[in-house]
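First the structure, in the form of structure tokens, and then the observations on it.
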Amino acid sequence: MPRETDTCQRRYERRWGHLTLPHVRALAWLLDAPDLLDSRSVHWHGQIASLGPVTADMAGWLAALQEDPSPLDRALGAKCYSRLGLYAEKLLAFYFEQHGLLHAHGLQVQVNRNDTVGEFDFLLKRNGKLVHWEFATKFYLLEGAPDPGVFHHLIGPNLADTLGLKMRKIIDKQLALSRHPAAVKLLDEPVQAAQALVKGWLFYEEGEAQAMDGIAADHNHGFWCTAAQLHGERYVMLPKLQWLAPFKGRDVDVFDAVRLQASVADAAQPVLVAAVEQVDGWEVETARGFVVPDDWQRQAAERRLLGKLPP
């Protein structure tokens, strides 16, 4: 478990504690959370985007959404999102649209009706130039020692990918989309730059972040452990659409370590939980982590070493 006193959760609560609506909190986190990747690192070839600091005007806009969330609710629609990435993308599209930056969102590039080359996450107008941003919200667990420049030891909780594989796909394929002849023909002006905006959390076996070249020094982070390694804190299990911002809620089921251990004992996949404390009637996140099946680490190491992760 983490031993930090000034965690990313406490910093978030100091700045955004007045935001209690889940969608607004998630949007504030996307706008204000540290980037996951260090844009200055040579590993990323200058292709990492950043939103920059939240201004006073943006903070006021978020506070207004807390008072009247109807514009955001309309933008999200009544759809029940099953994919966290799509939900986060819709939140960010709302911000870009509201602030006059959005040129296109989810624009497909097709050679013909039956052959889709790819899709632009975001085409934005920034300083009068058309830019392409790919957007990802990712959650990775460090399994073993870091492997600088490769990032295969940062592995997804469901063992589906690694940070290295994800970024190779983004940089080598997705950010090259604007150069495809079909994209050049589709767009009314050339794309001046293509970058990736990556937000997320990294999780460490001992709960304390490790310095890694290519990873932002102030990235959001948590712990991972098996159920047997949990001890006596108060926990909330986080559904996937609440993985972005630190949790704050009322009337939720709070588990002690023993009850949580029993609840996740048969889970086939890692379960994200938040350690919480009660503040003025709210359950407020103080730390978070993945509770993994007993054989998760063995499976992760085996799949990585034997090359069984997807290309």
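The values are calculated or read from the model by the stated rules, or taken from the named source; none is laboratory data. All values derive from a computational prediction rather than experimental measurement. Cβ: placed from backbone, ideal geometry, glycine included. Neighbour counts: every protein chain shown. To get the accessible areas, we keep the full protein, side chains included, count just its heavy atoms, and leave off ligands, DNA and RNA. Shrake-Rupley method; radii C 1.70, N 1.55, O 1.52, S 1.80 Å.
If you take the residues in the range 164-189 that are touching a strand residue (DSSP E or B) at 6+ places or on another chain (Cβ under 7 Å) and open to solvent by 40 Å² or more (accessible area, probe 1.4 Å), which one is nearest to Arg113 (Cα to Cα)?
Leu186
Go through (1) modelled with pLDDT of 95 or more; (2) within 14 Å of Leu154 (Cα to Cα) for Ala194 and report which single condition fails.
All conditions are met except number (2).
Check every one of the strands (runs of 3 or more DSSP E) wholly within the range 215-311 and list those with 3 or more residues that are of a type in the set (A, V, I, L, M, F, W, C) and over 23 Å from Leu37 (Cα atoms).
271-279, 282-292
Please verify whether Phe255 is surrounded by 19 or more Cβ atoms within 10 Å (Cβ to Cβ), without any contact (Cβ under 8 Å) to a residue 24 or more places away in the chain and either hydroxyl-bearing (Ser, Thr, Tyr) or over 17 Å from Gly17 (Cβ atoms) (or both), treating the condition exactly as stated.
Working: surrounded by 19 or more Cβ atoms within 10 Å (Cβ to Cβ): yes; without any contact (Cβ under 8 Å) to a residue 24 or more places away in the chain: yes; either hydroxyl-bearing (Ser, Thr, Tyr) or over 17 Å from Gly17 (Cβ atoms) (or both): yes.
It is true that Phe255 is surrounded by 19 or more Cβ atoms within 10 Å (Cβ to Cβ), without any contact (Cβ under 8 Å) to a residue 24 or more places away in the chain and either hydroxyl-bearing (Ser, Thr, Tyr) or over 17 Å from Gly17 (Cβ atoms) (or both).
Considering each of Trp282, Trp243 in turn, give the residue that is open to solvent by 10 Å² or more (accessible area, probe 1.4 Å), touching a Leu at 6+ places or on another chain (Cβ under 9 Å), in contact (Cβ under 8 Å) with a residue 60 or more places away in the chain and closer than 21 Å to His23 by Cα.
Answer to the selection: Trp243.
So how many residues does the range 110-124 have that are surrounded by 14 or more Cβ atoms within 10 Å (Cβ to Cβ) and among the charged types (D, E, K, R)?
Looking only at that region, the number is 2.
How do the pairs read when you match residues in the range 91-105 that are at pLDDT below 95 with residues anywhere that are surrounded by fewer than 19 Cβ atoms within 10 Å (Cβ to Cβ), using Cβ under 7 Å and keeping only pairs 6 or more apart or on different chains?
Cβ pairs passing all conditions: none.
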